[in-house]
Every structure is written in structure tokens, then in C-alpha cells.
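Here the structure is laid out as C-alpha cells; the discussion comes afterwards.
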Amino acid sequence: MNVVSLRIITAEIENLVKFYEQITVAKAIQYTPDFAEIQIPNATIAIGSVKTLQLFGGDHVAKPTQNQSVIIEFLVHDVDQEFERLKEVLSSKIVQEPTVMPWGNKSLLFRDPDGNLVNFFTPVSEAAIEKFKSKMI
């Protein structure tokens, strides 16, 4: 089994698509005004408007801007370089500047425009580097 996609439901699809294009440096494919995908090397970030919830059973299925438990994580080659690249864009959204975590990753934590937590991380300890070496881009 493989996780291939993460879907974010939003009331502000244009804003969220633009944000994820900017942080991933990848262009979204906008299939309809209410659904877009951003293809990155190992997964897809799907962004759907609240209107798409009708296809899954109704508005009660998911609520935009309500995430309080999930962190969307991206393995990046150099988290410090990404922080410098995005510092102005993320200035009001940064939760934690690049910090080495106890498990060996250097992590930059910020929020997307809907308030979802996003983590850019780079393995820095020997164990973390070994763990992620086959996934490094």
C-alpha cells in the first residue's frame, strides 16, 4: 500500500493553490474551478473546494480550516535554504524557525493560508539521514 495523495478541502481554492505552488515550486493542474492537483516527486497534493464535498456525501464530511491534528510534511534537501527562499512569504505564518528535533530532523514549521500546519524538514543526524536516504531528492 502507498499513500499517493493528500487532499485539502478549502473555501479559498485559488489562494491555497497559489500558496502550494509557491512553496513546492510546482505548477498545479486545475481540472475544474473546484479541483486542482500539484504533482511532486512522491505524491500529489490535491486541493478541492467545499463544493466537491457534495460528491462525497455532503458538507458534513469535511470542514475547511478545522485541522487541529495533522501536519503536512515535506522532505527537503536543505531546510535552511528553503527558509531563506520563503521567509518573506511565510513571515506571518511561521510557527517555528528551522530547529533540530530530538529525532534528528531539522524542521521548519509554518501554516498554510487555511491554518493547516506544514513542516519542511531535512535529516541531519546519522540515523535520520540513513532513514531517509532513499527518499532524498
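The values are calculated or read from the model by the stated rules, or taken from the named source; none is laboratory data. Because the structure is a prediction, the values reported are computed rather than measured. Cβ atoms come from the backbone with ideal geometry, glycine included; neighbour counts cover every protein chain shown.
Do we find a residue being farther than 24 Å from residue 136 by Cβ, among the β-branched types (Val, Ile, Thr) and touching a residue at least 40 places away in the same chain (Cβ under 8 Å) anywhere in segment 70-79?
First, pick out the residues of segment 70-79 that are farther than 24 Å from residue 136 by Cβ: none.
No.
May I ask you to say which residue of 44, 52 is in a strand (DSSP E or B) and not assigned by TED's automatic domain parsing to the domain that holds residue 100?
Values: 52 fails: in a strand (DSSP E or B).
So the residue among 44, 52 that is in a strand (DSSP E or B) and not assigned by TED's automatic domain parsing to the domain that holds residue 100 is 44.
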Residues being of a type in the set (Ser, Thr, Tyr) and in contact (Cβ under 8 Å) with a residue 60 or more places away in the chain - total across segment 1-35:
2
Could you tell me which residue of segment 31-72 is modelled with the lowest pLDDT, considering only residues that are small (Gly, Ala, Ser) and either surrounded by 14 or more Cβ atoms within 10 Å (Cβ to Cβ) or closer than 20 Å to residue 14 by Cβ (or both)?
62
State all residues of segment 17-40 that are closer than 13 Å to residue 52 by Cβ and among the charged types (D, E, K, R); if no residue qualifies, say none.
34, 37
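Suppose we filter segment 103-122 for residues that are free of Cβ contacts under 8 Å to residues at least 40 places away in the same chain and either in contact with a strand residue (DSSP E or B) (Cβ under 8 Å, 6 or more places away or on another chain) or under 30 Å from residue 13 (Cα atoms) (or both); how many remain? If you could, list the steps in order and put the result at the bottom.
At the first step, the residues of segment 103-122 found to be free of Cβ contacts under 8 Å to residues at least 40 places away in the same chain are 103-111.
Applying the additional criterion that residues be either in contact with a strand residue (DSSP E or B) (Cβ under 8 Å, 6 or more places away or on another chain) or under 30 Å from residue 13 (Cα atoms) (or both) yields 104-111.
Residues that pass the stated criteria total 8.
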